[in-house]
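Just so it is clear, none of the values below were taken in a lab; they were calculated from the coordinates. The shown structure was predicted, so the numbers you read here are calculated from the model rather than taken from an experiment. Neighbour counts are summed over all protein chains in view; Cβ atoms, including those assigned to glycine, are modelled from backbone coordinates with ideal geometry.
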Amino acid sequence: MDRFGDKKTNMNTPLMKTLKIVNSISGRSLTESDLKKHRSAMARAGRIAAPKGGIEVNTFNAGGIACEAIKPEYAHNPNYAILYAHGGGYVSGNLSYARILAAKLAIATGFTTYSFDYRLSPEDPYPAALEDALTVWSYLTMGRYSPDHIIIAGESAGGNLALCLVQHLKAADQPLCKSLLLFSPWTDMTSTSDSYEIYAEKDPILTKDYVAEAAKAYIAGKGATAEARFSPLFGDLHDLPDVYIMAGRNEILLDDSVKLHDEIIRHGGKCVLDIEEDGWHVYQQMPVPIATRAMKRLSAHVSAQIYGEVLWEITGIK
């Protein structure tokens, strides 16, 4: 039993078939044939695991980039939105895969969640994904939403992209988003953290070799892994919007979350770190009790942040 009274998650049950699909990307090469399999597996994961009810999905195009707007059918608040970047090591993932967490975010918050099919490595390495993120950000902020009414979210490599997007906007002295929601973010591409070794045998999703190979494909010889444009952990962390980080104890990228939290706090920012002791890399995608509880915690966090402040503005009570 876990600390909430639920049975421990059994990684070998049929319930975990989606996890096994995602796990098929781990520890393999990025040859053309393997990459094709990786991307196909991610798309299948999306078709299996994405919520089917309670949402309205609309496709659209933003500056040549395929996007989806996922609107919750109940308790919808049209004044706020989420811009969500999917994971996949910058080498895989698409709108089908993105729909897993994008739909859950929409349902949990009541906000329309926008995902986008950014270009992938190795065909389109850095800065293609960042350029696409900037394009979609511009689309949303040009008369559709005020920047401070948009939450930027991302998981894994998408968490890297979300943080890099905010750092880029800040460096350009542009208005920033309301806050950041990061799921197991990949913030350090050097692959030197202790968690790579500590959780190597426990992590059911990632391997150090795969992560390093994905980083190499993304950077494509344009710099060193420790540069802030690739590893936002080493970038400017002053005056960021509030950050909420979720991670699983049993993942090799755990230190990427822990160190980011510590550095944001050290730089005077606001950051909440939520570590699920029985979780793994982006466990929120899976149909398991710990994922359901995680989205409830996220919902409570966002509600307090948005509606708590609105209530205070109206009543003067905080």
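Please give the direction-averaged projected area of the C-alpha convex hull for region 52-125, in square nanometres with one decimal.
Spelled out: convex hull of the Cα atoms, projected over all directions, averaged, 5.0 nm².
Tell me the mean residue ellipticity at 222 nm calculated for the chain from its helices only (DSSP H runs of n ≥ 4, each -39500 (n - 2.57), averaged over every residue, nearest 500). Intermediate values should be presented prior to the final figure.
Values: 9 runs with 125 residues, N = 318.
It comes out at -12500 deg cm²/dmol, rounded to the nearest 500.
Once every Cα of region 85-193 carries one equal point scatterer and solvent is ignored, give the base-10 log of I(q)/I(0) from the Debye formula at q = 0.16, 0.18 Å⁻¹, two decimals.
Per q value, in the given order, log10 I(q)/I(0) is -0.69, -0.89.
Using mean Cβ contacts within 10 Å as the protection proxy, how do 154-161, 227-234, 112-119 order, highest first? Don't jump to the answer; show the numbers that get you there.
On the way: 154-161: 28.9, 227-234: 20.4, 112-119: 24.8.
Descending mean neighbour count gives 154-161, 112-119, 227-234.
What net charge do the residues around Ala247 carry, taking every other residue with its C-beta under 9 Å from that of Ala247, with Lys and Arg at +1 and Asp and Glu at -1? Walk me through the numbers on the way to the answer.
Working: positive: Arg249; negative: Glu251, Asp256, Asp274, Glu276.
My count for the surroundings of Ala247 gives -3.
Quick check on packing: order 125-135, 89-99, 197-207, 50-60 by the mean number of other C-beta atoms within 10 Å, highest mean leading.
By packing density, highest mean first, the sequence is 89-99, 125-135, 197-207, 50-60.
Please tell me which of these pairs span more than 18 angstrom C-alpha to C-alpha: Lys52/Lys104; Lys104/Lys296; Lys170/Lys259?
Lys170/Lys259, as the Cα separations exceed 18 Å there.
Give me the dipole magnitude in Debye, nearest 20, for region 106-154 about the Cα centre, with unit charges on the beta carbon: positive for Lys and Arg, negative for Asp and Glu.
On the way: 2 positive and 6 negative charges, 43 e Å.
For region 106-154, the charge dipole is close to 200 debye.
Dipole size in debye (nearest 20) for region 199-318 around its Cα centre, Lys and Arg Cβ +1, Asp and Glu Cβ -1?
160 debye
How much of the DSSP beta bridge set in the chain is antiparallel, as a percent to the nearest 5?
Taking every DSSP beta bridge within the chain, about 30 percent pair in antiparallel fashion.
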